[in-house]
Amino acid sequence: MARSSLKALSLIKKGAEADLLLDDDWHGRKAVLKKRVPKGYRAPQLDEKIRAHRTAHELKLLHRAKELGVPTPAIFLIDVGETTIVMEFVEGKPVKQALEGLSQEERVRLCRRIGELIGRLHEGDLIHGDLTTSNIILTSNGGIVFVDFGLGEFSKELEARGVDLHLMKRALQSTHYQFVEECFNAIIDGYKEVVGDDVAKEVLKKVNEIERRGRYVSERVRK
Amino acid sequence: MYCLGIESTADGFGIGIATFEGEILANVVSEYVPERGGIHPREAAQHHSKVVGSVLKEAFERARIRPKDLKAVAFSQGPGLGPCLRTGATAARALAVYLGVPLIGVNHCVAHIEIAKLVTKSQDPVTLYVSGGNTIVAAYEAGRYRAFGETLDIAVGNCLDSFAIEAGLRRQGGLPLGAIVERLAEKGETLIELPYSVKGMDVSFSGLLTAVVQLLRSSHYRLEDLCYSLQETAFSMLAEVTERALAHTEKPEVLLTGGVAANKRLQSMLKAVADEHGAKFCVVPKQYAMDNGAMIAWTGVLAYECGMITPVEKSFVKPKWRLDEVDVRWLGVR
């Protein structure tokens, strides 16, 4: 079962919605347990429904991403009762950390590949919902794995795609300001490759529009 | 040293007087109560213009000060309903020019946060500001109150009020519609499934309203159960986004402000969120929860002390003025 045994699991991260736990020996494998914990403030009936729904939804997204050719962690077990997903622990580094140590050429190549993968998700009407460099892992053997689809959704809308890419840009701006331009441009190049010039242009237009909305104007001026 | 504040963003017309030390000497509110339905902006503005004189007089009497004792006149410059804002702004300009004191345009949302911080003595909270016109989760970050999450369509108070009006509920004995929904909800027994819409840090209430109104019209459900389910669903969404903001910012306090802050069920949910993250829970007292002049007066003091004066010729109202467009210089160093 998800609770594997009585041994203590180490907490990787306590999010607002779920706890991420690390199990070094889940039937001989290193696994991550994503457990959506009950929220005392919600009526239990509502709480259970929300957690069950989101657990199932996240699985659908993870699975669909794979079908689209975007690597996501292998799922080992779903415990609906415990609203827990047991999945592969992906060995590697978040792109957030990896970017620093790369040469310019490697950086651009990596970002281009990331852009291609985002393009594949969007072409399959899948929106990641939390595209940051922390949620993309560069594996030890050079692969790229997308994680945490907890805020994801299925959508064909331009707006949703725009928000997705905009978030990516914002993540780059906040943590990798020295090479935002070069990274984002490379991502867009890769994205274009997959979705085509016309669609990419529309999505980029949306990204610009989103940037210009009140909420972010102040930040643009302050820069 | 005193500052007078005029609030007139929607259905309430209020005048408050605050000392520069943060003591509230007067807080008089006159509410426009529509015969039926929701707020008609022009009718509300007409009500405000009728009561300006009497409310002003009462405020000075309560505060036991004379007009010439004032150091500044503040007014809610936005966001809000245009006609209502203009009435308050006109009164403020006239008073400031007549007395020869500076005019200060105050952001209504910032004022809701500042008055709540003043009276609850909170320092650096994650704030959930909920009212008939606004629904925002905000926290201070680098010079401004940043909106971490907000409604994508209607405000939660608007959702509750619209439902109440659909259900034919009327205000009784000075109780706002939201309070009547709250009373009915306390008698609810069955939780009915309604759309729960959280998108990242943002919330959406329009689908929820449509759904609950449809169920109401079907006449298959008890009104008490509908009120209960509506509250549970809407407030759970708010608690969730507040929790996300709290987990993200790791602030030490959770502050609940705005008209809907008076709701006991919402208070208990937010307290649970705060407890879980080891944060202190603060809620604004009732007289400062609804729109009021005291919050404008106090925020006027803060702005005045930082030299944030609004020249009369630049005192146009801003019906869509966002919370995060304001430099809150009084919170000092970056």
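The values are calculated or read from the model by the stated rules, or taken from the named source; none is laboratory data. Bear in mind the structure is a predicted one, so any value in this text is a computation, not a measurement. Every residue, glycine as well, gets a Cβ built from its backbone with ideal geometry; the counts of neighbours run over all protein chains shown. These accessible areas exclude ligands, DNA and RNA; they are computed on the full protein's heavy atoms, side chains included. Shrake-Rupley method; radii C 1.70, N 1.55, O 1.52, S 1.80 Å.
Restricting attention to segment B:243-270, and to residues there that are within 14 Å of A:Gly40 (Cβ to Cβ) and in contact (Cβ under 8 Å) with a residue 12 or more places away in the chain, which single residue is most open to solvent (accessible area, probe 1.4 Å)?
B:Arg265
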For this session: Look through segment B:71-108, keep the residues that are over 25 Å from the mean Cα position of the chain (by Cα) and of a type in the set (A, V, I, L, M), and return whichever of them is surrounded by the most Cβ atoms within 10 Å (Cβ to Cβ).
Result: B:Val101
For this session: Can you tell me which residue within segment B:202-226, out of those that are in contact with a Gly (Cβ under 8 Å, 6 or more places away or on another chain) and not in a helix (DSSP H, G or I), is nearest to B:Ala147 (Cα to Cα)?
Result: B:Asp202
Exercise. Checking B:Ala142 against (1) buried (at least 22 other Cβ atoms within 10 Å of the Cβ); (2) within 14 Å of chain A (Cβ to nearest Cβ); (3) among the hydrophobic types (A, V, I, L, M, F, W, C), which test does it fail?
Worked result: (1)
Exercise. What single numbered condition from (1) among the aliphatic types (A, V, I, L, M); (2) more than 11 Å from chain A (Cβ to nearest Cβ); (3) surrounded by 24 or more Cβ atoms within 10 Å (Cβ to Cβ) fails to hold for B:Ala289?
Worked result: (3)
Problem set entry | Boolean, B:Leu194 is more than 14 Å from chain A (Cβ to nearest Cβ), part of a loop (DSSP other than H, G, I, E, B) and surrounded by fewer than 22 Cβ atoms within 10 Å (Cβ to Cβ) | no
Seminar exercise, completed: Among (1) out of contact with any Lys or Arg (no Cβ under 7 Å at 6 or more places or on another chain); (2) of a type in the set (Val, Ile, Thr); (3) away from every other protein chain (no Cβ under 14 Å); (4) under 23 Å from A:His57 (Cα atoms), A:Thr139 falls short only on (4)
Exercise. Among the residues of segment B:227-245, is there at least one that is away from every other protein chain (no Cβ under 13 Å), in a helix (DSSP H, G or I) and out of contact with any strand residue (DSSP E or B) (no Cβ under 6 Å at 6 or more places or on another chain)?
Worked result: yes
Exercise. Looking at segment B:150-164, is at least one residue within 14 Å of chain A (Cβ to nearest Cβ), within 28 Å of B:Leu216 (Cβ to Cβ) and open to solvent by less than 10 Å² (accessible area, probe 1.4 Å)?
Worked result: no
Exercise. Quick check: is even one residue across segment A:87-105 touching a Phe, Trp or Tyr at 6+ places or on another chain (Cβ under 7 Å), touching a residue at least 24 places away in the same chain (Cβ under 8 Å), hydrophobic (A, V, I, L, M, F, W, C) and over 16 Å from A:Met168 (Cβ atoms)?
Worked result: yes
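Quick check on B:Leu216: is it more than 11 Å from chain A (Cβ to nearest Cβ) and in contact (Cβ under 8 Å) with a residue 12 or more places away in the chain? If you could, list the steps in order and put the result at the bottom.
Working: more than 11 Å from chain A (Cβ to nearest Cβ): yes; in contact (Cβ under 8 Å) with a residue 12 or more places away in the chain: yes.
For B:Leu216, the condition - more than 11 Å from chain A (Cβ to nearest Cβ) and in contact (Cβ under 8 Å) with a residue 12 or more places away in the chain - is met.
Quick one: would you say B:Gly300 is more than 14 Å from every other protein chain (Cβ to nearest Cβ), part of a loop (DSSP other than H, G, I, E, B) and not polar (S, T, N, Q)?
no
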Problem set entry | Qualifying residue in segment A:51-70 (condition: of a type in the set (A, V, I, L, M, F, W, C), open to solvent by less than 30 Å² (accessible area, probe 1.4 Å) and within 14 Å of chain B (Cβ to nearest Cβ)) | no
Problem set entry | Number of the condition not met by B:Ser122 [criteria: (1) in a helix (DSSP H, G or I); (2) touching a residue at least 40 places away in the same chain (Cβ under 8 Å); (3) polar (S, T, N, Q)] | (1)
For this session: Can you confirm whether segment B:138-154 contains a residue that is assigned to a helix (DSSP H, G or I), out of contact with any helix residue (DSSP H, G or I) (no Cβ under 7 Å at 6 or more places or on another chain) and polar (S, T, N, Q)?
Result: no
For this session: Could you look through segment B:252-267, keep only residues that are touching a Ser or Thr at 6+ places or on another chain (Cβ under 9 Å), of a type outside the set (Ser, Thr, Tyr) and not in a helix (DSSP H, G or I), and pick out the one that is farthest from the other protein chains (Cβ to nearest Cβ)?
Result: B:Gly258
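Which residues, taken from segment A:99-135, are within 14 Å of chain B (Cβ to nearest Cβ) and touching a helix residue (DSSP H, G or I) at 6+ places or on another chain (Cβ under 8 Å)?
Hits for segment A:99-135 are A:Ile127, A:His128, A:Gly129, A:Asp130, A:Leu131, A:Thr132, A:Ser134.
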Problem set entry | Matching residues, segment B:279-297, being charged (D, E, K, R) and in a helix (DSSP H, G or I) | B:Lys286
Problem set entry | Contacts under 9 angstrom Cβ, first residue in segment B:282-300 being more than 14 Å from B:Asn263 (Cβ to Cβ) and of a type outside the set (S, T, N, Q), partner assigned to a helix (DSSP H, G or I) and modelled with pLDDT under 95, 6 or more apart | B:Ala294/B:Gln287
Exercise. Filtering segment B:303-327 down to residues that are open to solvent by less than 50 Å² (accessible area, probe 1.4 Å) and touching a Leu at 6+ places or on another chain (Cβ under 8 Å), which residue is nearest to the other protein chains (Cβ to nearest Cβ)?
Worked result: B:Val317
